[in-house]
1. Looking for something free of Cβ contacts under 8 Å to residues at least 60 places away in the same chain, in a strand (DSSP E or B), among the small types (G, A, S) and over 22 Å from D47 (Cβ atoms) - is there at least one such residue anywhere in region 143-150?
2. Within region 127-144, is even one residue β-branched (V, I, T), surrounded by 15 or more Cβ atoms within 10 Å (Cβ to Cβ) and over 15 Å from the mean Cα position of the chain (by Cα)?
3. Quick one: P28 ticks every box in (1) surrounded by 15 or more Cβ atoms within 10 Å (Cβ to Cβ); (2) at pLDDT below 90; (3) over 24 Å from T116 (Cβ atoms) except a single one, so which number is it?
4. If the Cβ limit is 6 Å and pairs must be 6+ apart or interchain, which residue in region 50-78 that is acidic (D, E) pairs with which residue that is at pLDDT below 95?
5. Take residues that are at pLDDT below 85 and tell me which of the strands (runs of 3 or more DSSP E) falling wholly in region 53-119 contain 2 or more.
6. Of the residues S131, S137, only one is among the small types (G, A, S), touching a His at 6+ places or on another chain (Cβ under 6 Å) and closer than 21 Å to N27 by Cα; which?
7. Would you pick out the residues in region 49-92 that are surrounded by 15 or more Cβ atoms within 10 Å (Cβ to Cβ) and in contact with a Gly (Cβ under 7 Å, 6 or more places away or on another chain)?
8. Return yes or no: is D98 touching a Ser or Thr at 6+ places or on another chain (Cβ under 8 Å) and among the charged types (D, E, K, R)?
Amino acid sequence: MSKVSLVLVGILVLAAVAIGATPVTTNPRAEVETAVRAYIDAQNRGDVYAMMSMVDRRDGVISVSDGQIQRGWQTIRSTNDLIVGREATPGIAVSSLDVMVLSPTVAVAVASFTFTVQSPHGTVHVPGASSLVFEKSERKWLVVNEHTSVATQEVAHGVE
């Protein structure tokens, strides 16, 4: 192979590596919406493993729910192991979802939902809202902060 051919091959290899290393610019809003729906689907299936694969493993990850603050992936995992999928008919239905992309690697999703559960008095629909802060790491959006709240007990006692 001639010197010119080697140089051209080298340039092509470097260009291919550079193209492969360049992050593909897609639609971050759609990616985060997909991540939120996958997270909720996993929760509805009672699949804690799938849910937690969407949560960042850094010590600083936080989940806030029912007036409780949980810090750290392992703590959040332990709590989810206790509560996710324990209802006879789990059902979280998202009624609205808004995503605000703050940067190419940070986004906030805010969703309103209805949680349906069976009680001794019949089916109960509990309205609530959740906000999730996502960071993109290695081409995957991960939850770094989650906050969920539900309607007060007075509102949640409605029976169908």
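1. No.
2. No: region 127-144 contains no residue that is β-branched (V, I, T), surrounded by 15 or more Cβ atoms within 10 Å (Cβ to Cβ) and over 15 Å from the mean Cα position of the chain (by Cα).
3. Every condition holds for P28 apart from (2).
4. Hits for this filter: D59/G72.
5. It comes to 106-119.
6. Details: S137 fails: touching a His at 6+ places or on another chain (Cβ under 6 Å).
It is S131.
7. If the condition is that a residue be surrounded by 15 or more Cβ atoms within 10 Å (Cβ to Cβ) and in contact with a Gly (Cβ under 7 Å, 6 or more places away or on another chain), then V61, V84, G85, P90 are the ones that fit.
8. Taking the combined requirement at face value, the residue does not satisfy it.
The values are calculated or read from the model by the stated rules, or taken from the named source; none is laboratory data. These numbers come from a predicted model, not from an experiment. Note: ideal-geometry Cβ built from the backbone for every residue, glycine included; neighbour counts use all protein chains shown.
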